[in-house]
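Throughout, read-outs are computed from the coordinates displayed, never taken from laboratory work. Note that the coordinates shown come from a computational prediction; the quantities given were computed from them, not determined experimentally. All Cβ positions, even for glycine, are placed from backbone atoms using ideal geometry, and neighbour counts span all protein chains on display.
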Amino acid sequence: MSTEQNVTGPSLRARFQALEDERRRSWAPDALAINANQRAQLVREHGNQPHVGVGDVLPAATLTRTDGQPAALDALVANGPAVLVFFRFANCPACNIALPYYRDTLWPALKDAQIPLVAISPQPIAALGEIATRHHLPFPVLSDTDLALSRALGLTYIFDAPSRDAAEAKGGTSEALNGTASWELPKPSVIVIGPGRVVRFADISPDWMDRTETPAILAALDSASHAASAKERHHAA
């Protein structure tokens, strides 16, 4: 596929910056500090655990669509590459910026190229469907039950104590976020896989307010396509 398609409108980083600016105006200093400190800690510690990388093979996972139907990774890559976007949960403010951004800037090019795009969260489907409905997402939103795939890929993090206490003070529970007793979520990630579930591109964002931009995803798909074509020409020679 070509990366020549123009990506119009503000970048994802600019959209997150607008959210950050609004929080500075409206949030109490202690709430700002809890949020910023958790994100900074995740950035500092990001290299301490292994993560999925290019050339790895994903497990033969089957996830669950918000309508309850199964969605197997093998089916996604039956005819070529697929793009997996891991996000946190349906009411995550940054996720409600990121998924519409991908809807508007990434999905049209993938649809034209017949490349599947799915968004994945560990949240149970009863709550997860809200984000798909709210933003009229044209691509499937899938539930990663018990964080099985996210954990296998090394994507998850555990809430620090201040973040957990703040969530509980608002009436939140880990079960509502991920269906388990663990205060755990995936780091936002974009993973491109090809046939055989082989990873062609992986970008993991420890700071959930700094995620993969569409041009980087399109460039990765373009590069993978050129590499596959070169391999085919070599074998044909």
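Below, the figures for the structure above:
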{"quantity": "Whether the range 176-215 is rounded, prolate or oblate, judged on the alpha carbon gyration tensor where a/c under 1.5 counts as rounded", "calculated": "oblate"}
{"quantity": "Hull volume in cubic angstrom per residue (convex hull over the Cα atoms of the chain)", "calculated": "126"}
{"quantity": "Rounded, prolate or oblate (a/c below 1.5 giving rounded, otherwise prolate when a/b exceeds b/c) for the range 162-231 by Cα gyration tensor", "calculated": "prolate"}
{"quantity": "Under Karplus coefficients 6.51, -1.76 and 1.60, residue-wise ³J(HN,Hα) of the range 41-49 in Hz, glycine/proline x", "calculated": "5, 5, 5, 4, 9, 4, x, 7, 10"}
{"quantity": "Computed [θ] at 222 nm, deg cm²/dmol, the chain (DSSP H ≥ 4; -39,500 (n - 2.57); rounded to nearest 500)", "calculated": "-13500 deg cm²/dmol"}
{"quantity": "Ordering of 173-186, 117-130 by packing [mean C-beta count within 10 Å, highest first]", "calculated": "117-130, 173-186"}
{"quantity": "Chymotrypsin sites (Phe, Trp or Tyr not before Pro) restricted to DSSP loop in the range 11-101 with at most 16 other C-beta within 10 Å", "calculated": "27"}
{"quantity": "Amide hydrogen neighbours beyond the local backbone of residue 123, cut-off 5 Å, H modeled", "calculated": "144"}
{"quantity": "For residue 117, residues with placed amide H under 5 Å, excluding near neighbours", "calculated": "83"}
{"quantity": "Residues 13, 151, sorted so that the one with the fewest Cβ neighbours within 10 Å comes first", "calculated": "13, 151"}
{"quantity": "Residues 193, 97 arranged by fewest to most Cβ contacts within 10 Å", "calculated": "97, 193"}
